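Worksheet: one structure, shown below.
The values are calculated or read from the model by the stated rules, or taken from the named source; none is laboratory data. As the structure is a prediction and not an experimental result, all values here were calculated from the model. For neighbour counting, all protein chains shown are included, and Cβ atoms are generated from backbone atoms with ideal geometry for every residue, glycine included. These area figures cover heavy atoms from the full protein model, side chains too; ligands, DNA and RNA do not enter into them. Shrake-Rupley method; radii C 1.70, N 1.55, O 1.52, S 1.80 Å.
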Amino acid sequence: MPDNLPTTTLEEAPVGVNAMIPNSARIMDYLLGGSANFASDRAVADNAFVNWPGDPGGVEGVKVDLHAARDVLGRIVGYLAGECGIRQFLDLASGVPTMGNTHEAARAVAAGCRVVYADNEPSVAAHGQYLLDSDPDTVFLDGDFRNPADILRRASATLDFSQPVGLILFGVLHFVEDDADPGPEQIVAQLLDAVPSGSYLALSHFAKDDTDTALNEMLTEMDKQTGDSVVRRTRSEVERFFDGMDIVPPGVVETELWRPAQGAAGPKPLPMWCGLARKR
Ligand SMILES: C[S@@+](CC[C@H](N)C(=O)[O-])C[C@H]1O[C@@H](n2cnc3c(N)ncnc32)[C@H](O)[C@@H]1O
């Protein structure tokens, strides 16, 4: 392992990464069982989720729920590579490629799929580049999805934008306020403009659920600790991102309800929407 790679000890944080400040990408890596996280990340997760509902509950329950939320990425990418014949993917704000990644799900169906990942958290990008280093058809960019032009330009070294692309925006548009410049709809529009008809957009997005006060308090506390500002949206607000596209059934639904595998477990407490649509 190279010296400058994120590790699980504070002393060995790579240049540009303050291991004392918890970060949502590294917290997610921890909860998914990865090694690109620090003591500060683990402490925040362990404390914030003590009262997470379910059986198991607490931080173990969050781990189960996050794995389930990650599974839907695999189902959507598998559907794209299988039923839709998509052979190239752009996965934005992908997080650390810890488990259940887009290139693995795509290639389980069709060998040779090409994948570009991008994330703007330095430790995520460093870890991603290290993990994917030996794979010529999988590239990890250090990039900000709020600047689609930059990412598209760099991704074009790997992806052929004259052919359909699977655009993956999982767990990320909720970081963009409606009145940001560019706003979430503009970001989506810029990405869709760059890909041909027959391309697909896959989204997952934190759901607005004002009924579950305890859950909301936990998620708000997590945002406070990591400094993230998360915009939770209703189903119809998320559906708007697919305006002008053909939504694939079952539409925008809770993640566990998107074409579940037979015998899959029922609804999970993690409040997330997901959906997939085809560009006309
Ligand atoms: C909740 S994780 C989602 C990871 C993965 N997409 C998934 O759904 O499993 C959010 C990711 O978004 C990344 N992120 C947040 N803002 C970003 C930005 N402006 N540009 C690129 N990545 C960003 C974070 O670093 C983190 O890895």
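Tabulated results
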| quantity | calculated |
| --- | --- |
| Residue list for segment 120-175, restricted to those being β-branched (Val, Ile, Thr), outside any strand (DSSP E or B) and more than 10 Å from the ligand (Cβ to nearest atom) | THR158, VAL165 |
| Members of segment 196-220 found to be small (Gly, Ala, Ser) and either within 16 Å of the ligand (Cβ to nearest atom) or free of Cβ contacts under 8 Å to residues at least 12 places away in the same chain (or both), listed by number | ALA202, SER204, ALA207 |
| Exclusive hit being open to solvent by 50 Å² or more (accessible area, probe 1.4 Å) and closer than 30 Å to PRO22 by Cβ, set THR220, THR226 | THR220 |
| Test: residue in segment 163-178 that is of a type in the set (S, T, N, Q), under 20 Å from the mean Cα position of the chain (by Cα), over 25 Å from PRO53 (Cβ atoms) and open to solvent by 40 Å² or more (accessible area, probe 1.4 Å) | no |
| VAL116, sole failed condition from (1) of a type in the set (A, V, I, L, M, F, W, C); (2) within 13 Å of the ligand (Cβ to nearest atom); (3) at pLDDT 95 or above; (4) farther than 19 Å from ILE151 by Cα | (4) |
| Members of segment 55-87 that are within 12 Å of the ligand (Cβ to nearest atom) and of a type in the set (Gly, Ala, Ser) | ALA68, ALA69, GLY74 |
| Any chance ASP193 is surrounded by fewer than 20 Cβ atoms within 10 Å (Cβ to Cβ), touching a residue at least 24 places away in the same chain (Cβ under 8 Å) and either farther than 29 Å from ASN18 by Cα or touching a helix residue (DSSP H, G or I) at 6+ places or on another chain (Cβ under 9 Å) (or both) | no |
| Some residue of segment 98-113 being in a loop (DSSP other than H, G, I, E, B), within 20 Å of the chain's Cα centre (by Cα) and within 20 Å of LEU173 (Cα to Cα) | yes |
| Failed item, numbered, when PRO136 is tested on (1) at pLDDT 95 or above; (2) exposed (fewer than 14 other Cβ atoms within 10 Å of the Cβ); (3) more than 30 Å from GLU256 (Cα to Cα); (4) over 20 Å from the mean Cα position of the chain (by Cα) | (1) |
| Residues satisfying the stated conditions in segment 1-39, i.e. open to solvent by 10 Å² or more (accessible area, probe 1.4 Å), closer than 24 Å to ASP133 by Cβ, polar (S, T, N, Q) and at pLDDT 75 or above | ASN23, SER35 |
| Residues being surrounded by fewer than 19 Cβ atoms within 10 Å (Cβ to Cβ), within 20 Å of the chain's Cα centre (by Cα) and of a type in the set (Gly, Ala, Ser) - total across segment 196-217 | 0 |
| Tabulated pairs, segment 10-28, first more than 14 Å from the ligand (Cβ to nearest atom), second at pLDDT below 70 and small (Gly, Ala, Ser), C-beta under 6 angstrom, 6+ apart or interchain | ALA19/ALA13 |
| Cβ pairs under 6 Å, 6+ apart, first in segment 49-69 and surrounded by 14 or more Cβ atoms within 10 Å (Cβ to Cβ), second β-branched (Val, Ile, Thr) | PHE49/VAL59; PHE49/VAL62; TRP52/VAL62; GLY58/VAL50; ALA69/THR255 |
| Among (1) of a type in the set (A, V, I, L, M, F, W, C); (2) within 9 Å of the ligand (Cβ to nearest atom); (3) in contact with a Cys (Cβ under 9 Å, 6 or more places away or on another chain) - the single one ALA106 does not satisfy | (2) |
| Tabulated pairs, segment 125-145, first β-branched (Val, Ile, Thr), second open to solvent by 20 Å² or more (accessible area, probe 1.4 Å) and more than 15 Å from the ligand (Cβ to nearest atom), C-beta under 6 angstrom, 6+ apart or interchain | VAL139/THR158 |
| Filter pass, ARG42 being open to solvent by 10 Å² or more (accessible area, probe 1.4 Å), among the basic types (Lys, Arg) and without any contact (Cβ under 8 Å) to a residue 40 or more places away in the chain | yes |
